Amino acid sequence: MTQLCATQLSKSYHNYHNSVQAIKHVSLSVATGESVAIIGPSGSGKSTLLNLLGLVIQPDEGHVKLDNLEVSNLSDSKLCRVRNTTFGYVFQDFALLDHLTVYENIRIPLIYRREIPRRTHRQRIRAAAEALGIADKLHRHTDKLSGGERQRVAIARAIACDQSILLADEPTGSLDQDNKDTVMTLLMRLCREKNKSLIIVTHDLTIAQQCDRVVQLQAGHLVAEANYGQ
Amino acid sequence: MSLIRQVLSDLLGELNWVVVYGFVSAMVMMALILISLSYQDVSATDKAMARFESADITICSVQPIPQNVSVAQHDNNTGNSSNETLDQYFSDVFVRGGHGGTYISLPGRLGYQQVYILLGIYAELTPYGLIADTDPVFAVSADLNEHRSDNITLGGDTYPLNTAPAEMDLYHPLYYMGADDPLLQQSLFIFTYDYQTVQRLFPPSEYEELSPDIMMDRFILSGQDDEDIIRLRRVILEQMGAYIGTSTFEEQVMMSSESGVRTHQFYIFFYLGSTFILLGTMLLNLYNILRRKTTDYMTHHLFGATRIWIFGRMLGFALIYQMIPWMSTIYILRINQSTTPFMITTILLGGLIIGVGIVSLVFHSIMRQFSQGFRSE
Ligand SMILES: Nc1ncnc2c1ncn2[C@@H]1O[C@H](COP(=O)(O)OP(=O)(O)OP(=O)(O)O)[C@@H](O)[C@H]1O
Ligand SMILES: [Mg+2]
C-alpha cells in the first residue's frame, strides 16, 4: 500500500544573485515497509528531495500525500505534528545536540508527542537504545561518543516514538566499512521487522543495492529507477 | 511544563552570563546613584557659590592679632580711633543697601529646633529671601509646611509666615549646610536687611546669645572698598581686641567648586556610558547566545516543536536572561528611593520591547534557514 506519494514536485532556491532549480517535476511514491535509495551526483538535488518528502521544506509546485491525505499545505502546528508522528530523520552529521546526553537526545521527539505518557518515556528510550546496542551509554554526552555510536543515537532518536518512515541523508557518509555495514543491516532490519519505510540518500552503490528500489537524480530530474525487490 | 523546563535549562546553561550581567549592572547602577547624589550636593554648593561670587563677597573672620603686626602698626593701618561702638557699626552696615551680611542661628528658640536670622546682604544669598519691599520675611523649613500657621507674632507685631523651598541650603565657605542637613529641618528662617529689626524682634535683654561674637561669626562684606575694611578692622580692634582676616571669594571658587562639578559631570558621563555599553554588550550577547542555539531550535522544530513553541522558548529565555539586570537596576534604584512607577514601567517595557525585538530577529532568521532545508552545525 502506498504510504508516501509525491507528485510533480519542483523546488528552487533563490539567492541575491541567482536562483537554482534544485528539483524539477519529480514524482515518487513509497509503499509501507519499502526501502528506497536516492542516488545521484553531488548537487543533483538529493537532499532537497528528501527534505521535501519529509515535509521540512515546502515545494514550489506539486504535492505530497501521506496515507492518501494531502499534507503539502498544512498549518505549522499540523505540519509539526505530522513530522513528529511519521518521520524519523537521520542526517549525515547526525544532528545531535552535544550539550545533552544520549538519553535526552533520543527523548526529543517524545517531548512533543502528547499521547505517549511521560512515565513510559524511560522505557521507550531504553528499548530504542537497546535495539541499537547503546543502552549502556544513555547518560553520556553525545560528544564523548565515537562516530558509529553517534550514528546509532541518531537512529534511535528516529525510531523512539514509532515513526513509520525513516529518512536518512547519507547516514553512512562518515563511517568506516564495518560501521557502514552495521548501520545498513540495522536499518534494513528495522524495515523488515517493524514494517517501517526507509528513504535513504547515498552515493554508495553497494548501500543503494541493499534497498528494494533505487532512484537516480540528475540535475533535479528523476532519470532512472531500478527495482531490486526481494 | 516541558516549555518551562526547556527555558530553565537554557538559562542554566548560560548561568555565568546571567550572573555576570546581573552583578555588573547592579554595580554600575550603584556607582551612578552615589555619584549623582554627591553631584546634587556639589551642584547645590556650586549654585550657592555662584551667588556669592556675583555679589562680590569678601569673607571676614575674627582672628587673634597676628604676631608680626604690632598693635601700633595695626592702629596706624586702621586709621585714627573713633570710638565707634559695635552697635553703631552694625546699624550702619546692616541696612538696605549696606555692605555687611551675616547669619545667626538660635537653637531651640520660638519652639523651633533652630531659628536662623539672615541679616543684611545674607538675606539675598540663599535660595529664598526678601520679597519685594517686605522686610522682614518669615519662612519655616519645607518639612514644616503642613503644620505651619499663617502668621507669626514676634516683638509685638504679627507677620505672615511662608515656607522656604525644599532646596533651601545655607552656605558659608567654612561651613556648608545642604538642603537635607538635619540642622536645616524644623527651622524658622528670618530674612531682614535691618539690624534694628533684629534688635526689635530679639531684644538683647531676652536674647543674650546675640552677642557680637555671634554676629561676627559668619560676617561677610559685599562690594566693599578699602575704606570699609579699614573701618571694620578698627571697630573690631577697639571693641573686641581682635584682628579681621579677609579673603576674597574668587580664589575659593576657582579651587573647589568648578573642578568638583566638572569631575562629577565626568564621572556621571562615564558611568552613563558604561551603562549603555553594558546594555549593548548584554543585548549583543543575547543575540549571540540565541544564534548559537540555532541547531538546537531547528532540531526540536524538525522533531515536532511548533514555531510558537520555539518562539516561546526563545522569548522566555531572553526575558529572564535580561530580567535579572533590569531587576537589579530597579532594585538599586528602589533602595535609593529614586524610582517612580513611571520609571519602573518604562524600564520593564523597554526590556520587553528590546527582548521581543531581538528574539523576533533571530527567530525569523532561524525559520528562514529551516525553510531552506535542515542543516545542523
Ligand atoms: N539553501 C540553499 N540555498 C541555495 N541553494 C541551495 C540550497 N540548498 C541547496 N541548494 C542548491 O540546490 C542544488 C541541490 O542541492 P542538494 O543539497 O539537494 O544536492 P545534493 O544532491 O544533496 O548534493 P550532495 O550530494 O553534495 O549533498 C545545489 O545546486 C545546491 O547548490
Ligand atoms: Mg546532500
Residue among B:Leu286, B:Leu302, B:Leu279, B:Leu237 that alone is buried (at least 19 other Cβ atoms within 10 Å of the Cβ), more than 14 Å from chain A (Cβ to nearest Cβ) and modelled with pLDDT of 90 or more: B:Leu286
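If you scan the stretch A:44-56, which residues turn out to be more than 11 Å from ligand 2 (Cβ to nearest atom) and either surrounded by fewer than 24 Cβ atoms within 10 Å (Cβ to Cβ) or not in a helix (DSSP H, G or I) (or both)? So that I can check it myself, show each step before the final result.
Filtering the stretch A:44-56 for residues more than 11 Å from ligand 2 (Cβ to nearest atom) gives A:52-56.
Scanning the stretch A:44-56 gives A:Gly54, A:Leu55, A:Val56.
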Meets criteria (open to solvent by 20 Å² or more (accessible area, probe 1.4 Å) and away from ligand 2 (no atom under 16 Å from the Cβ)) for A:Arg83: no
Count of residues meeting criterion [near ligand 1 (Cβ under 8 Å from one of its atoms) and either surrounded by 22 or more Cβ atoms within 10 Å (Cβ to Cβ) or facing chain B (nearest Cβ under 9 Å) (or both)] in the stretch A:34-43: 1
Answer residue from the stretch B:314-331, given it is at pLDDT below 95 and open to solvent by less than 10 Å² (accessible area, probe 1.4 Å) and is farthest from B:Ser365 (Cα to Cα) among those: B:Pro325
Single condition A:Ile125 does not satisfy, out of (1) surrounded by fewer than 22 Cβ atoms within 10 Å (Cβ to Cβ); (2) without any contact (Cβ under 8 Å) to a residue 40 or more places away in the chain: (1)
Residue in the stretch A:71-80 that is most open to solvent (accessible area, probe 1.4 Å), counting only those that are touching a helix residue (DSSP H, G or I) at 6+ places or on another chain (Cβ under 7 Å) and more than 9 Å from chain B (Cβ to nearest Cβ): A:Leu74
The stretch A:103-117 - residue that is open to solvent by 20 Å² or more (accessible area, probe 1.4 Å) and in a helix (DSSP H, G or I) and, of those, farthest from the other protein chains (Cβ to nearest Cβ): A:Tyr103
Residue check, B:Val362 open to solvent by 40 Å² or more (accessible area, probe 1.4 Å) and of a type in the set (A, V, I, L, M): no
Filtered residue count, the stretch A:176-206, keeping only those that are within 16 Å of ligand 1 (Cβ to nearest atom) and either open to solvent by less than 10 Å² (accessible area, probe 1.4 Å) or within 14 Å of chain B (Cβ to nearest Cβ) (or both): 4
In the stretch A:66-102, the residues that are under 23 Å from A:Leu175 (Cβ atoms) and either of a type in the set (Gly, Ala, Ser) or assigned to a helix (DSSP H, G or I) (or both): A:Gly88, A:Ala95, A:Val102
Single residue of the stretch A:152-175 satisfying the filter (under 12 Å from the mean Cα position of the chain (by Cα) and within 16 Å of ligand 1 (Cβ to nearest atom)) that is surrounded by the fewest Cβ atoms within 10 Å (Cβ to Cβ): A:Glu170
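Yes or no: A:Gly88 at the interface with chain B (Cβ under 10 Å from one of its Cβ atoms) and either within 16 Å of ligand 2 (Cβ to nearest atom) or touching a residue at least 12 places away in the same chain (Cβ under 8 Å) (or both)?
yes
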Members of the stretch A:57-70 that are open to solvent by less than 10 Å² (accessible area, probe 1.4 Å) and either away from ligand 1 (no atom under 12 Å from the Cβ) or in contact with a Leu (Cβ under 9 Å, 6 or more places away or on another chain) (or both): A:Val64
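Check every one of the helices (runs of 4 or more DSSP H) wholly within the stretch B:272-371 and list those with 1 or more residues that are within 31 Å of the chain's Cα centre (by Cα). Give the steps one after another, and end with the answer.
Values: elements: B:294-302, B:307-335, B:341-370.
In the stretch B:272-371, the matching helices (runs of 4 or more DSSP H) lie at B:307-335, B:341-370.
The values are calculated or read from the model by the stated rules, or taken from the named source; none is laboratory data. If you're wondering where the values come from, they're calculated on a predicted model, not measured in any experiment. Every residue, glycine as well, gets a Cβ built from its backbone with ideal geometry; the counts of neighbours run over all protein chains shown. Only protein heavy atoms, including side chains, enter the accessible area calculation; ligands, DNA and RNA are left aside. Shrake-Rupley method; radii C 1.70, N 1.55, O 1.52, S 1.80 Å.
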